[in-house]
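Okay, handing you the structure first.
The values are calculated or read from the model by the stated rules, or taken from the named source; none is laboratory data. Worth saying up front: this structure is predicted, and the values here are computed from it rather than measured. Cβ: placed from backbone, ideal geometry, glycine included. Neighbour counts: every protein chain shown.
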Amino acid sequence: MSGAPIVIVGGATWWPASYRNFANLLQEISGSDVHIAPTTPLDWVLGYFRGFGQLVFEVASTVDKALLESEAKKAVLVGHSAGGLACRVYIGGDPPYGGRRYSGHRRVETLITLGTPQTVADRPRLAPIDRVNELFPGALHTDSGLRYLSVAGRAADGATSPRARKRYERYVEDGRVAGDGVVPVDVALLPGSESQVLEGVHHNRRLGRWYGSDRETVELWWPEELRVEGSLVGDTRA
């Protein structure tokens, strides 16, 4: 148990309140305070037109608040879906993004992404993801001690599910691959990061059991060193 506060950054179609259950589970397992960044689907829509600077600023503000209320020097970021991309921008580095230079790598000890589209096909609509990868490639700050963990679900095969294949082909040329029903496995694994692939886990609750469904599912991927002593109920690691 590190005692670091946890900040959840949600996906483009999820409202902050949708993560309350998930936040409660993380608090029980980790013993740490859990905060949810107040990003909304409207923020993401506006971001496509005005840039994502304001959205990343919300992430930065939430981390600042979490650290201010704790005695820790660094936080744990958990990014679901597109929220993982916002986390990577906040962690940042030397290049500025949207006219602002972020240096969250000094304030984050671990980044965990859940079903985040990390590496994608070269398409105009995916240009924002390409831009993140161009500025902040892979597990950029591993050498300075920041831990990266990419979690992917394997619950739907695009070779047998036309619906899954269509969703996967938003990110890859050939969607006849495995994934969480929205993001293919390979797309969700950030180069250079630690990785876990969870069988039977979907991208969101609308599709079925998702990354934050229940304690048993969360314990499949939540790092043991970040758990409160005695929180592990059996060996559930994937």
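Which one of Thr39, Thr13 is crowded, with 18+ Cβ neighbours inside 10 Å, within 21 Å of Pro117 (Cβ to Cβ) and hydroxyl-bearing (Ser, Thr, Tyr)?
Only one candidate qualifies: Thr39.
Shifting gears a bit: So Phe22 clears everything in (1) among the aromatic types (Phe, Trp, Tyr); (2) crowded, with 20+ Cβ neighbours inside 10 Å; (3) modelled with pLDDT under 95; (4) part of a helix (DSSP H, G or I) except one condition, right? Which one?
Of the numbered conditions (1) among the aromatic types (Phe, Trp, Tyr); (2) crowded, with 20+ Cβ neighbours inside 10 Å; (3) modelled with pLDDT under 95; (4) part of a helix (DSSP H, G or I), the odd one out for Phe22 is (3).
Tally up the residues in the stretch 1-44 that are more than 16 Å from Gly79 (Cβ to Cβ) and without any contact (Cβ under 8 Å) to a residue 24 or more places away in the chain, please.
Looking only at that region, the number is 5.
Continuing with the same structure: How many residues does the stretch 114-139 contain that are hydrophobic (A, V, I, L, M, F, W, C) and at pLDDT 95 or above?
2
A further question follows. In the stretch 42-80, which residues are crowded, with 24+ Cβ neighbours inside 10 Å, farther than 20 Å from Ser30 by Cα and modelled with pLDDT of 95 or more?
Answer for the stretch 42-80, where residues must be crowded, with 24+ Cβ neighbours inside 10 Å, farther than 20 Å from Ser30 by Cα and modelled with pLDDT of 95 or more: just Val59.
For residues in the stretch 106-150 being part of a loop (DSSP other than H, G, I, E, B) and among the hydroxyl-bearing types (Ser, Thr, Tyr), which is nearest to Ala188 (Cα to Cα)?
Thr116
For Arg206, indicate whether it is more than 30 Å from Pro95 (Cα to Cα), of a type outside the set (Val, Ile, Thr) and in a loop (DSSP other than H, G, I, E, B).
yes
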